[in-house]
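The values are calculated or read from the model by the stated rules, or taken from the named source; none is laboratory data. Computed from a predicted model, the values in this text were never measured in an experiment. With ideal geometry, Cβ positions are generated from the backbone for all residues, glycine too; neighbour counts draw on all protein chains shown.
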Amino acid sequence: MSNYNGWTNWETWKVNLELLDGLDASDLNIEHYTQDEYYEAGQMIEQYVDECIGHEFINDGFVRGIVSGFMSDVNWSELAKCFIDEWVANHQPDEVDEEEESE
């Protein structure tokens, strides 16, 4: 596999850019997944993207084959890792300074 703009490949980058940009883990319903569940969260993202593009409704066999090939190259776990790690980083409980507590 090649690397494209910091992503595993062009397909992963393209899905993130065109279909997931501006979303966060809660939009994708994966905010409850942990950092040990990238694969499972990736499956949720794949389902979301399938619904967005209407993949199952493409009747033309040739076009459906192209879309299926494209989708099979997307690294769904990598996308999930990005969303989950960002969610965890932005939703940590506020740390209270111990000195302030003792005062």
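With the requirement that a residue be crowded, with 16+ Cβ neighbours inside 10 Å and part of a strand (DSSP E or B), what does the stretch 1-14 give you?
Listed by number, the list holds a single entry, TRP7.
Would you be able to tell me the number of residues in the stretch 57-69 that are of a type in the set (D, E, K, R) and loosely packed, with under 10 Cβ neighbours inside 10 Å?
Final tally of qualifying residues: 1.
Out of everything in the stretch 28-53 that is β-branched (Val, Ile, Thr) and in a helix (DSSP H, G or I), what residue ends up being modelled with the highest pLDDT?
Restricting to residues being β-branched (Val, Ile, Thr) and in a helix (DSSP H, G or I), the top hit is ILE45.
Report whether or not ALA25 is in a loop (DSSP other than H, G, I, E, B), surrounded by 14 or more Cβ atoms within 10 Å (Cβ to Cβ) and aliphatic (A, V, I, L, M).
yes
Under 7 Å between Cβ atoms, at least 6 apart or on separate chains: pull out the pairs that start in the stretch 51-75 with a residue that is over 23 Å from GLY6 (Cβ atoms) and end on any residue that is at pLDDT below 90 and of a type in the set (D, E, K, R).
ILE58/ARG64
Conditions (1) over 19 Å from ASN90 (Cβ atoms); (2) in contact with a Gly (Cβ under 7 Å, 6 or more places away or on another chain); (3) among the hydroxyl-bearing types (Ser, Thr, Tyr), marked per residue:
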position	(1), (2), (3)
ASP27	no, no, no
TYR38	no, no, yes
GLN43	yes, no, no
TYR48	yes, no, yes
GLY65	yes, no, no
SER68	yes, no, yes
MET71	yes, no, no
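Starting from residues that are among the hydrophobic types (A, V, I, L, M, F, W, C) and without any contact (Cβ under 8 Å) to a residue 40 or more places away in the chain, keep the ones in the stretch 24-47 and report whichever is nearest to GLU86 (Cα to Cα).
Top of the filtered list is ILE45.
So that you can scan it fast, the table gives a plain yes or no per residue for (1) outside any helix (DSSP H, G or I); (2) on the phi > 0 side of the Ramachandran plot; (3) at pLDDT 95 or above:
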| position | (1), (2), (3) |
| --- | --- |
| ASN16 | no, no, yes |
| PHE62 | no, no, no |
| SER77 | no, no, yes |
| CYS82 | no, no, yes |
| VAL96 | yes, no, no |
